[in-house]
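Step one of this worksheet: look at the structure below.
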Amino acid sequence: MAGYPYDQIIKWDRIEWKRSLADCAVDGKLPKGILQTKEQMQQELIKWLERLERNEISIFERRNLVEPSLLSIAELQQQQRNLSEFSRLNNIINNSKSETIHDKIQQDPHFLVEYHEKQDEAKKLWPFDPVNVIASKINGLKWPANVIMKLVIADFGCGRAKLAELLKENKMYNFDHHNILNDKIIACNIKSVKDYLKDGKLDVAVFCLSLMGEDWRDYITEAKRCLAKNGLLFIAETTNSLSTRLSELRKVIKDQGFEIYSDEERGMFTFIDARKL
């Protein structure tokens, strides 16, 4: 075996991040990654003070820890096989055009089922699920007093449509290649959803671990079409998957007429939040 993947996927990432923080505290070196601006930090401080005035308590739910040593050799080997298979399926999708994958899934829906089963296994090793972070960001949007806002949101490449469960009070469009995982999903190629959304219909567009395939740039273009002026775009991807295209992704977002107002790494994920100008 190549070693228990927890060490590579989670612990090493934490060590790197803590070392960066230590460099800042001891030597005055700025941490790696995208830092908040002075204005963003002031806004977060104001939000914190407002929560204190309302006597609100922030609660974070974490999964139960599984001691690696409690896993048998057979379980560790199975875990490694699941991760390898998940990587193989990712490579198939990332090296294909969306039309190719869409046709493949129509002919064999089990491909999509298998992909998400392997992803579910991989998630057991993640420090958190990025869809929960995006849901919190959307729920945290501020509106004028006494204004109740029901947002129109599209989740492009929604998987099991978990985001819809977390944002039930809003109007949700769940798009993916097939609805075999959830009958609330609209089965389509997410590169074009014109049959379901008119121009400027959306308040929020989300891509959570779904900017995949050779024509991922077209997904951003379609999100722009669907979003109203000042509509919000939320993107979450593994930092590793963006290692060779992060600068291009930022450029594509800006070229499509978006303003990036938040760009940060959290653990093993990169989150980009943008507004349509």
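Computed from the coordinates by the stated procedures, all read-outs in this text should not be read as laboratory data. These numbers were taken from a predicted model, which means no experiment stands behind them. Neighbour counts are summed over all protein chains in view; Cβ atoms, including those assigned to glycine, are modelled from backbone coordinates with ideal geometry.
Here is how the numbers come out for the structure above:
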{"item": "Residue order, fewest to most beta carbons within 10 Å, for Thr270, Thr239", "result": "Thr239, Thr270"}
{"item": "Summed residue charge, Cβ within 11 Å of Phe271's Cβ, Lys/Arg positive, Asp/Glu negative", "result": "-3"}
{"item": "Tail beyond 19 Å, pair distance distribution of segment 72-138 (Cα, percent)", "result": "47"}
{"item": "Pairwise label distance in nanometres, Asp215 with Arg81, each label 7 Å out on the Cα-Cβ vector", "result": "3.6"}
{"item": "Assigned charges on the beta-carbon of Lys, Arg, Asp, Glu; segment 130-276 dipole about Cα centre (debye)", "result": "440"}
{"item": "Gln106-Lys171 FRET efficiency (beta carbon distance; Förster radius 35 Å; 0.05 resolution)", "result": "0.85"}
{"item": "Quarter of the Cα convex hull surface for segment 110-238, i.e. its orientation-mean projected area (nm²)", "result": "8.3"}
{"item": "Fewest-first ranking of Ser247, Ser262, using other Cβ atoms within 10 Å as the exposure measure", "result": "Ser247, Ser262"}
{"item": "Length added when fully stretched, Asn94-Arg54, from 0.36 nm per residue minus Cα-Cα", "result": "9.8 nm"}
{"item": "Burial ordering of Trp216, Trp126, fewest other beta-carbon atoms within 10 Å first", "result": "Trp126, Trp216"}
{"item": "Members of Lys97/Lys201; Lys194/Lys251; Lys142/Lys201; Lys124/Lys198; Lys123/Lys168; Lys97/Lys123 lying beyond 29 Å, as alpha-carbon distances in this model show", "result": "Lys124/Lys198"}
{"item": "FRET efficiency, 1/(1 + (r/R0)^6) with R0 35 Å, evaluated for Ala74 and Leu141 via beta carbons", "result": "0.15"}
{"item": "Simple Cβ-charge dipole of segment 176-248, Lys/Arg +1 and Asp/Glu -1, about Cα centre, in debye nearest 20", "result": "280"}
